[in-house]
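Report on one structure; see the data block that follows.
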Amino acid sequence: MTPLEWRNLGDEERMQRMRSDLQIFGQYLEEVKLDELDKEGHTDTANKVDETIHQLDTLMTAIDVTNNALGFSSPTDTAEIQNINFRDPFSEFARSIRDCVVLRDFRVLVQRVHRDFTLLSQKYQ
């Protein structure tokens, strides 16, 4: 979704999309953590990803509370990784590339979520 399309979403639709995207990234982060645990000497990275997953759970709870407080409906569907090549890449190189892309894109999503929460808090004060 382009930034322009994102900005054109209504508040409720944007909150639902945020929650859904974060839920999918949570699954990807679990895959990254498992990949790091499989490598020798990379448990520090796995521990950081695990901390991030716990913080993500807190953020998703905050989104649920915000949805409830604003009278928005909460998404009922469960998001999952659809593409088998993303869930289980065919080579170790593809797996490492996927992990780097997941971490990069997750950072961008968290920045967007932060910006949207800031805008919503200003709008609904």
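The values are calculated or read from the model by the stated rules, or taken from the named source; none is laboratory data. Small disclaimer: the values here were computed from a predicted structure and weren't measured. Backbone-built Cβ (ideal geometry, glycine too); neighbour counts: all protein chains shown. With ligands, DNA and RNA removed, areas are computed over all heavy atoms of the protein, side chains included. Shrake-Rupley method; radii C 1.70, N 1.55, O 1.52, S 1.80 Å.
Measuring nothing but alpha carbons in region 85-125 and taking Rh as the Kirkwood radius, the Rg to Rh ratio lands at 1.31. Within the listed set Glu40, Glu92, Glu13, the Gaussian network model of the chain (springs between alpha-carbon atoms below 10 Å) gives the highest mean-square fluctuation for Glu40.
Applied to region 99-107, the Karplus parametrisation 6.51 cos²θ - 1.76 cosθ + 1.60 on θ = phi - 60° returns per-residue 3J(HN,Hα) values of 4, 5, 5, 4, 5, 5, 5, 5, 4 Hz, with x for Gly and Pro. Put a plus charge on the Cβ of each Lys and Arg, a minus charge on the Cβ of each Asp and Glu, and nothing anywhere else: the dipole of the chain about its Cα centre is then about 600 debye.
Accessible surface area normalised per residue over the chain is 64 Å², counting heavy atoms of protein chains with a 1.4 Å rolling probe.
Helix 11-38 and the longest principal axis of the C-alpha atoms of the chain enclose an angle of approximately 10°.
Helix 43-70: angle to the longest alpha-carbon principal axis of the chain, degrees 0 to 90, nearest 10? The helix 43-70 is inclined about 20 degrees to the chain. Derived value for the chain: Kirkwood hydrodynamic radius 15.7 Å. Basis is the mean of 1/r over every pair of different alpha-carbon atoms. For the chain, the carbon plus sulfur part of the accessible surface works out to 53%, probe radius 1.4 Å.
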